[in-house]
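Student: Got a structure for you, written out below as structure tokens; questions coming shortly.
The values are calculated or read from the model by the stated rules, or taken from the named source; none is laboratory data. The shown structure was predicted, so the numbers you read here are calculated from the model rather than taken from an experiment. Cβ coordinates were reconstructed from backbone atoms using ideal geometry, including for glycine residues, and neighbour counts include every protein chain displayed. Just so you know, the surface numbers come from the protein's heavy atoms only, side chains and all, with ligands and any DNA or RNA stripped out. Shrake-Rupley method; radii C 1.70, N 1.55, O 1.52, S 1.80 Å.
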Amino acid sequence: MAKLNILSKLKSMKIVYKLLLMIGVLTLLLADQFYLYIETELQTIELAENELIGLDYITALRYVFEHIPEHRGEADDFLLGDQRARDKYLHFQKLVDDAIPEVDRFTELYGEQMETTATWNTIKIKWEKLKEELETHTAEESFILHTELIDLVYENMMRQVADHSSLTHDPDLETAYLADLIVLELPLAIMVLEELRDRGSAIAAAGVKSPFDDGRIVALEDQLVRDDAAVQHAAAVAFRYNPSLEPILKPTLDAAMAAVDLFQEQLNEEILNVTVITVDDQLVFEQGETASLAMFKLFDEIDVKFRELLTARIARLYNEVSVEVGLAVLGVVFVISIVVFVSRSLNRQLNGINQLFGKIGMGDFEARVEVTSSDELGQMAAGMNSMLDNTLGLVQSREERDEIQGHIEKLLQDISGVAEGDLTKQAETGEDLTGPIAASFNIMIAELRDVISSVHDATLSVSSAANEIQATTEHLAEGSESQSSQIVDTSSAIEEMAVSIQQVSENATQASKVAESALESALSGALAVKKTVDGMNSIRGQVQETSKRIKRLGESSQAIGEIVQLIGDIADRTSILALNASIQAAMAGDAGRGFAVVAEEVERLAERATDSTKKISTLIQSIQNDTNEAVSAMESTTQEVIGGSALATEAGGQLEQIGTVAKQLSELIQQISMASNQQARGSEAVAKSMSEISGVTQQTAAGAKQAAVSISNLATLADDLRQSMTRFTLPTKAA
């Protein structure tokens, strides 16, 4: 019922108002599209302002990110015995404490928005505990605790801020790679550089290094080379999209890369490629600190340029919105002015014509209508004035008036169908008084017929175009809904992929730790086998030396045997000599008795010497037999030692190969872990971008639906207008 009332009102509405209504509907449609455009521009401005907030937050975190690693390096040197490092680590400790209030301020303002409040509170608690208990820890424990803090500051603060402030998916290519340098590439390179500096300084402070230390230094240097290459690539792309950045940032970039290369060369010469560590730990730390400060200088200069570009982008967007709103307002004012002007022009002419008819109906044939335009209505008004002028000149008497009245009634009868919308009617023209009036009416009806015909054709065109636009808009809305659904499904799949990649990253990290443990065990085993080989070689030398000594003992016992045999011969000859002396003493009689006693004593001594010599010969023979057996056994033992030494040497070689493979495996797993982490971060950024794209697509679908509804209303209005035109009957056009 309400719809019928609306249609009835539309049919009874004046043509001018119907035209104004159509213009108003079209204006509303344009205003709706303009609103969507302005809303998109304002969202872009909000995104840029959020990036600027995130950049300010990261700039505050940058000093905590810089000074905690410096504190780690000097604290480790102190815990390893360098008392000079105490004042330095206390200095860096104060710098960290000084930087905390600024981060507190940003966390209080944006912590809830960036979801960093809980993490920052945890970092402060861990930092205070580390300061209090630092000197009770070992150097390795201190290094681990500091590294945990550094990871929290980067992964859970800087990356979190970057993600929530849209820095990780900056829409402008001019600044996207600068954001990538500040958020990703430079911090990763600086973290590796600082760990390399602190480990090198700790090795120098300890004065000794292990194979694991060498392996870790090599792995860090390889990773630093890759990170530096990533920094240079991102900078080169940024320079390509904005050539004005190159002369400003390129010298600082080259200086930073040169400082890093120089530090690596000095580290290799003073620690990695030497056996005995003689370099001062403070010198190593200062060399690494020089390279680190060069990287942070590059970070700061990129920060300044990025901030300038963001500020300029925001100002440009605000200016564009202001200009567009101003143009829209001017357009609306212009359209309203045109509408008011046309409306007043039509109403003024129509009102004049209506008033003229009223005066003539009251018998005022002196009345005339004011011609205010040169369009069809103005021509009709001029024709009516001309008709009245001619008619007034013919009015002479009552009879003439009656005659005129009759002609007028006939004329009114001829054109009565016009009031009902039948524009096919024609007034009969003749030589009578109403002939010119009929001709004028015919001209007016012809002009009106043209106007109605044009309006009718226009309404048909508007209706057809509106129906086509409605069909297209509905198809676009359906496509947008389908696209939104697909994007939602894709976003869910990407989120699941991000979770899987995160699990792979965690497994790769665990595998890296296991590989490092295996590498350390293999290196320890190789060292133990090497010591075993050295011990076997030492035993072999000692056995060979003992064999030689036993051989010399055998030779000495043989010489003793020869001497004993000589003594035996002397004893035998002494016995014979004593026998001869006894014979001579007997032959001498009483004079030789004393000499006979001496000869008997000499003979008894010779007999005892002969018995002792026989016993010594027997012992020497036994010693020689034992010596020969010992020499044979020592030679067998020597052969077995040589064989065992060869086997141990071979085992040592195998363990060295195992250590090499384990080292390669550890480095490979570390690369896989880092690649998995980067993929995880990338997939998270893609998932978030897909979510935002889904939201924009849903907004587009909603806008398309709204446009379809508005165009449907426009089509309805056009149909109503066309329907209202049907009350006018037009002559059939010739084919």
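Student: Go through the residues of the range 231-245 one by one and say whether even a single one is of a type in the set (Val, Ile, Thr) and modelled with pLDDT of 95 or more.
Tutor: yes
Student: Does Val25 fit the bill of being farther than 30 Å from Glu115 by Cα, of a type in the set (Val, Ile, Thr), in a helix (DSSP H, G or I) and at pLDDT below 70?
Tutor: So Val25 fails the test.
Student: Taking the range 66-98, which residues are over 15 Å from Ala205 (Cα atoms) and open to solvent by 10 Å² or more (accessible area, probe 1.4 Å)?
Tutor: Glu66, His67, Asp87, Leu90, His91, Phe92, Gln93, Lys94, Leu95, Asp97, Asp98
Student: Test Glu174 against the criterion of being more than 25 Å from Leu317 (Cα to Cα), of a type in the set (Asp, Glu), open to solvent by 20 Å² or more (accessible area, probe 1.4 Å) and assigned to a helix (DSSP H, G or I), and give yes or no. Quick ask: steps written out before the conclusion?
Tutor: Details: more than 25 Å from Leu317 (Cα to Cα): no; of a type in the set (Asp, Glu): yes; open to solvent by 20 Å² or more (accessible area, probe 1.4 Å): yes; assigned to a helix (DSSP H, G or I): yes.
Against the criterion (more than 25 Å from Leu317 (Cα to Cα), of a type in the set (Asp, Glu), open to solvent by 20 Å² or more (accessible area, probe 1.4 Å) and assigned to a helix (DSSP H, G or I)), Glu174 does not qualify.
Student: May I ask you to verify whether Ala255 is open to solvent by 10 Å² or more (accessible area, probe 1.4 Å), farther than 30 Å from Leu309 by Cα, part of a helix (DSSP H, G or I) and modelled with pLDDT of 90 or more?
Tutor: When the stated conditions are applied, Ala255 does not pass them.
Student: Does the range 167-176 contain at least one residue that is closer than 30 Å to Leu52 by Cα, in contact with an Asp or Glu (Cβ under 9 Å, 6 or more places away or on another chain) and modelled with pLDDT of 95 or more?
Tutor: Taking every residue of the range 167-176 in turn, none turns out to be closer than 30 Å to Leu52 by Cα, in contact with an Asp or Glu (Cβ under 9 Å, 6 or more places away or on another chain) and modelled with pLDDT of 95 or more.
Student: Here is a follow-up. Counting only residues that are of a type in the set (Asp, Glu) and open to solvent by less than 40 Å² (accessible area, probe 1.4 Å), which one in the range 32-65 is nearest to Met114 (Cα to Cα)?
Tutor: Glu51
Student: So which of Leu90, Leu42, Leu55 ends up being touching a Lys or Arg at 6+ places or on another chain (Cβ under 8 Å), in a helix (DSSP H, G or I) and of a type outside the set (Val, Ile, Thr)?
Tutor: Details: Leu90 fails: touching a Lys or Arg at 6+ places or on another chain (Cβ under 8 Å); Leu42 fails: touching a Lys or Arg at 6+ places or on another chain (Cβ under 8 Å).
After applying the criteria, what remains is Leu55.
Student: Still on this structure, please answer the following. Which numbered condition in (1) crowded, with 21+ Cβ neighbours inside 10 Å; (2) modelled with pLDDT under 95; (3) closer than 25 Å to Ile150 by Cβ; (4) not aliphatic (A, V, I, L, M) is the only one that Pro187 fails?
Tutor: Condition (2) is where Pro187 drops out.
Student: Okay, next question. Going through the range 264-308 one residue at a time, which ones are among the hydrophobic types (A, V, I, L, M, F, W, C), part of a helix (DSSP H, G or I) and under 19 Å from Asp198 (Cα atoms)?
Tutor: Filtering the range 264-308 for residues among the hydrophobic types (A, V, I, L, M, F, W, C) gives 267, 271-272, 274, 276-277, 279, 283-285, 291, 293-296, 298-299, 302, 304, 306.
Applying the additional criterion that residues be part of a helix (DSSP H, G or I) yields 267, 271-272, 283-285, 291, 293-296, 298-299, 302, 304, 306.
Hits for the range 264-308 are Leu267, Ile271, Leu272, Leu283, Val284, Phe285, Ala291, Leu293, Ala294, Met295, Phe296.
Student: With the requirement that a residue be open to solvent by 40 Å² or more (accessible area, probe 1.4 Å) and either among the β-branched types (Val, Ile, Thr) or more than 30 Å from Ala162 (Cα to Cα) (or both), what does the range 190-212 give you?
Tutor: Result: Ala206, Val208, Lys209, Ser210, Pro211, Phe212.
Student: Being within 15 Å of Glu270 (Cα to Cα) and either among the aliphatic types (A, V, I, L, M) or assigned to a loop (DSSP other than H, G, I, E, B) (or both) is the filter here, so list the residues in the range 211-227 that pass it.
Tutor: Ile217, Val218 - these are the residues of the range 211-227 that are within 15 Å of Glu270 (Cα to Cα) and either among the aliphatic types (A, V, I, L, M) or assigned to a loop (DSSP other than H, G, I, E, B) (or both).
Student: Would you mind telling me which numbered condition in (1) in contact with a Leu (Cβ under 9 Å, 6 or more places away or on another chain); (2) outside any helix (DSSP H, G or I) Val231 fails?
Tutor: It fails just one condition, (2).
Student: Pairs please, first residue from the range 300-322 and among the hydroxyl-bearing types (Ser, Thr, Tyr), second anywhere and open to solvent by less than 30 Å² (accessible area, probe 1.4 Å), Cβ atoms under 6 Å, 6+ apart in sequence or on different chains.
Tutor: none
Student: Which condition does Pro69 not pass, out of (1) modelled with pLDDT of 95 or more; (2) on the phi > 0 side of the Ramachandran plot, if it passes all the others?
Tutor: If we test Pro69 against (1) modelled with pLDDT of 95 or more; (2) on the phi > 0 side of the Ramachandran plot, just (2) comes out false.
Student: Oh, and also: For the structure I just gave you, tell me whether Ile123 is under 25 Å from Ala234 (Cβ atoms), open to solvent by less than 40 Å² (accessible area, probe 1.4 Å) and of a type in the set (A, V, I, L, M).
Tutor: Spelling it out, it is not the case that Ile123 is under 25 Å from Ala234 (Cβ atoms), open to solvent by less than 40 Å² (accessible area, probe 1.4 Å) and of a type in the set (A, V, I, L, M).
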